[in-house]
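Enquirer: Below you will find the structure I want to go over with you.
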């Protein structure tokens, strides 16, 4: 039973669960992507140990400048999504520290990697292009070969406000601090930045509210007010964006290059065997893809340590599920994802982390995710050991079930079907192989429309 069977199973079981038919016409529900974009953006910010809320700040400033310029609706959408995800190509905290300097070298490296990740998703090709150019200098000499007006306007805006946020990270909102930032940006006109954009920034930044909007507790509310609503009819857009984010998470360690995809697959198939509805199976799959998003906050030297973690390192490692839970809890379109993903290291006996909840507080979905994660982790190579053999995996999981750490019924269900689950785990393809298949299948685009427009077109 190879990967071809698995992929067909995905198509028939999973994708069709998001649509309904009326005669010969197939409809999919209209989905708002903003909550997902906000959550993934927050996850990307976890990589930073210096600038907090960087993507949110860049998006706020970029949208304010775009309003003055008069960008059209599609350009505003593209700018918003690009600003919220522009550093998706940065994985390590070391790399993040390197680009947080105003004159940092090799800024194009992470821009090109971000382009590579998002261009694998057909509906994000335009966003990928903006991200590819978001550190292009106005005067040229860029790896992309562009200069001046050849650079996408959205990229020009993001580059300027990205550098503004870098300059403002250690400065108080005072007349002196603002003047220093304005002076530095002014010196970049015609060299780094489009002079017209510099002038717009200088005018906007004279307002104290411009800076308070970046620091104040109301910044989240403000960004939601000024950001365009992003809608899609295609579930594939949601799935592929989660695939991309899972790839970013797993790329932090060479030993977990497919971990999130594997956990997602095992968890979804266990949920199917447990009788979950197609909608619940969908949420289980997405929860599996994103269950380790909190690891973006964990230093690479801990993730890749060849040997047991000491107490201090383990304390840091155990924060990742806390971050996962809080990053995902605002994705209201998929209300169970944060619990199923965030509780995957909890134990029935109350000795798990980070919340130390007991079995009575763990839903069936959370129990499934815990079993799926343990099975997958035991099967994979790690820095300090090779993937375990079947006999050892069975022994460990049965012992954990006997100690009231993981659900015994779900454990038995998995072990009774061990051969099939093991083959599925080992046959998972790399993200880009999956994305290549998607390119041939997806023809929908991200759209921002009146949610009632489709209904009106049907009945009029």
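Enquirer: What number goes with the only condition from (1) in a helix (DSSP H, G or I); (2) at pLDDT 95 or above that residue 424 does not pass?
Expert: Looking at each condition in turn, residue 424 falls short on (2).
Enquirer: Could you check how many residues of segment 123-142 are at pLDDT below 95 and under 17 Å from residue 86 (Cα atoms)?
Expert: 3
Enquirer: Could you list, in sequence order, all residues of segment 382-393 that are in contact with a helix residue (DSSP H, G or I) (Cβ under 6 Å, 6 or more places away or on another chain) and part of a loop (DSSP other than H, G, I, E, B)?
Expert: The answer is 383, 387, 388.
Enquirer: Anything in segment 351-377 that is surrounded by fewer than 19 Cβ atoms within 10 Å (Cβ to Cβ) and on the phi < 0 side of the Ramachandran plot? List them, or say none.
Expert: 351, 353, 354, 355, 357, 358, 359, 360, 361, 363, 364, 377
Enquirer: May I ask you to verify whether residue 197 is assigned by TED's automatic domain parsing to the domain that holds residue 84, over 19 Å from the mean Cα position of the chain (by Cα), in a helix (DSSP H, G or I) and surrounded by fewer than 19 Cβ atoms within 10 Å (Cβ to Cβ)?
Expert: It is false that residue 197 is assigned by TED's automatic domain parsing to the domain that holds residue 84, over 19 Å from the mean Cα position of the chain (by Cα), in a helix (DSSP H, G or I) and surrounded by fewer than 19 Cβ atoms within 10 Å (Cβ to Cβ).
Enquirer: Which residues, taken from segment 61-100, are part of a loop (DSSP other than H, G, I, E, B), more than 18 Å from the chain's Cα centre (by Cα) and farther than 20 Å from residue 300 by Cβ?
Expert: 70, 71, 72, listed by residue number.
Enquirer: Sort through 374, 368, 410, 396 and tell me the only one that's assigned by TED's automatic domain parsing to the domain that holds residue 286, over 25 Å from residue 286 (Cα atoms), touching a helix residue (DSSP H, G or I) at 6+ places or on another chain (Cβ under 7 Å) and assigned to a helix (DSSP H, G or I).
Expert: Going through 374, 368, 410, 396 in turn, the sole match is 396.
Enquirer: Sticking with this structure for a sec: In this structure, is residue 285 assigned to a helix (DSSP H, G or I) and more than 12 Å from the chain's Cα centre (by Cα)?
Expert: Values: assigned to a helix (DSSP H, G or I): yes; more than 12 Å from the chain's Cα centre (by Cα): yes.
Considered against the rule, which asks whether it is assigned to a helix (DSSP H, G or I) and more than 12 Å from the chain's Cα centre (by Cα), residue 285 comes out as yes.
Enquirer: Here's something else I'd like to know. Using the structure shown, decide if residue 345 is within 21 Å of residue 414 (Cα to Cα) and in a loop (DSSP other than H, G, I, E, B). Outline the logic, then answer.
Expert: On the way: within 21 Å of residue 414 (Cα to Cα): yes; in a loop (DSSP other than H, G, I, E, B): yes.
So residue 345 passes the test.
The values are calculated or read from the model by the stated rules, or taken from the named source; none is laboratory data. From a predicted model like this one, the values you see are computed outputs, not experimental measurements. Don't worry about glycine lacking a Cβ; one is built from the backbone with ideal geometry, like all the others, and counts go over all protein chains shown.
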